[in-house]
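Below: one structure, written as structure tokens.
The values are calculated or read from the model by the stated rules, or taken from the named source; none is laboratory data. Predicted model only: the values in this text are computed from it and were never measured. When we count neighbours, we look across all protein chains shown, and the Cβ atoms used for this are built from the backbone with ideal geometry, even at glycine. Just so you know, the surface numbers come from the protein's heavy atoms only, side chains and all, with ligands and any DNA or RNA stripped out. Shrake-Rupley method; radii C 1.70, N 1.55, O 1.52, S 1.80 Å.
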Amino acid sequence: MEIVEDIVIVGAGIAGLTTSLGLHRLGIRSLVLESSDRLRTTGFALGVWSNGWKALDAVGISDSLRQQHLLINGLTVSSIVSKECTSESSFEALEIRFVQRNLLLEALAKELPSGTIRLSSKVVCIEESGFYKKLHLADGTILKTKVLIGCDGINSLVAKWLGFQKPVLTGSMAIRAYAVFENGHGFGPKARQFISNGQRFLLLPCDERMVHWGLTWKPSDQEKEVLEENSAKLKQFVLKKLGDTCHDEIKSVIEKTPEDGLLLTPLSNRRPWELPWASISKGNVCVAGDALHPMTPYIGQGGCSAMEEGVILARCLGEALQKPDGESKENENEEEQEYKRIERGLKKYAKERRWRSFNLIATAYMVGTIQENNGKMIMSYTRKLLFTFLPGLLARIVAFDCGKLNIS
């Protein structure tokens, strides 16, 4: 038996849930399919900058999240070894908080009507079916939908169906983790970045007790072998890699990290030059979030851009699904008219996101390449220039406003 839905969103991550909630705020129902048996909270925390907070304002869940997370007022950059502070930036004109991923996903999911999210629902095949798309799930269920939105992450089946190439590995790796200080961490509302010999260590306070941290670097072949064989011993690997002379703040955070509280991931992104010609939408199908623009973490915009897309996509679909007064039925049937409105709405969304996605992927890759370069003189000079201009660059990126959900 086939089940018919108006809108199906594949993936209950940040992009998928934001899109679904945006649609719900406009009175439009959607079904969200999640392949896992629970909401995925991998990654522990993410930076939500001013542009992300505008998106959360638009879907109406920002207030509670603001109350649970520190407002970060600046960033210091220091050497891992010498401990010398090389630059300091103020975020007073920006809004940046490091939000625990589980709290964000729970806040989004809580506002959705019961039954919106269907867990353990893996899409294995997509077929054309007239003005619908037919989805085959791993459990044998068949769904037909008027709109298909792929928010299914870096290995997106929907993106593959649209003709996107597979994201490429950058050669870098990231270890992400968290530490909890029961009596308070004492770092204050300031982010810290430590750099040395192609390594980048971030220390990011979430609230008064929890700190999110991450290490990115390009591993040698020998390190890759060690990590493959001893992935359960990431904590010891990080301490050994950073050395006994590393900053005391780094040591204190790593020592407070639970053994099972570390995550190792290879970094990958979409080739930015693929975006100008890619089919972000095709007919009644589109992609958003990591399915559209997987990027490296060096400018902290993966989650924020996913939330931007959720608001913009919901608004474009809301406008498309409004039936114009006096719409002709003489030459076209009602289903075809609706399909064409949806197609136009998704094309509008794709146009709004194409160059924004290109810019974010390219900028993140450039910043990461400079930060992780291992010490040549010209790159050392370039790195100093980067930290001089990076605050202004970030300010322009996070000034983006996805707008309200209101539709005309």
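Carbon and sulfur: what percent of the chain's accessible surface (1.4 Å probe)?
Answer for the chain: carbon and sulfur cover 50 percent of the accessible area.
Summing Lys, Arg as +1 and Asp, Glu as -1, what charge do residues with Cβ under 9 Å from the Cβ of LEU239 carry, LEU239 excluded?
+2
At 37 °C and 0.692 mPa s, grab the translational diffusion coefficient of the stretch 168-319 from Stokes-Einstein with a Kirkwood Rh over Cα pairs, rounded to a whole number in µm² per second.
Reported coefficient: 185 µm²/s.
Please name which of GLN68, LEU105, SER79 has its Cα lying farthest along the dipole of the stretch 64-121 towards the positive end, using unit charges on Cβ (Lys, Arg +1; Asp, Glu -1) and the Cα centre as origin.
LEU105
By what distance, in whole Å, do the Cα atoms of the chain stretch along each of the three principal axes, largest value first?
77, 45, 44
Name the residue from GLY47, VAL367, SER129 whose Cα lies farthest towards the positive end of the charge dipole of the chain, charges +1 on Cβ of Lys and Arg and -1 on Cβ of Asp and Glu.
Positive-most Cα among the choices belongs to VAL367.
Please compute the contact order of the stretch 1-88 in relative form: average sequence separation of alpha-carbon pairs under 8 Å and at least six residues apart, divided by the residue count, as a percent.
20
Taking R0 as 51 Å, what's the FRET efficiency between LEU264 and ASP401 from their Cβ-Cβ distance, rounded to 0.05?
For R0 = 51 Å, the calculated efficiency reads 0.90.
Please work out the average accessible area per residue across the chain, using the 1.4 Å probe convention, and give it in Å².
Per residue, the chain has 45 Å² of solvent-accessible surface.
What is the antiparallel percent of DSSP beta bridges lying wholly in the stretch 1-130, to the nearest 5?
Bridges in the stretch 1-130 are about 65 percent antiparallel.
Considering every pair of different Cα atoms, what Kirkwood radius, in Å, is found for the stretch 135-258?
Numbers: mean 1/r = 0.0563 Å⁻¹.
Over the stretch 135-258, the inverse of the mean reciprocal pair distance is 17.7 Å.
Could you size up the charge dipole of the chain around its Cα centre, putting +1 on the beta carbon of Lys and Arg and -1 on that of Asp and Glu, and report it in debye to the nearest 20? If you can, show how the numbers build up before the last one.
Working: 51 positive and 48 negative charges, 174 e Å.
With only Lys, Arg, Asp and Glu charged at Cβ, the dipole is about 840 debye.
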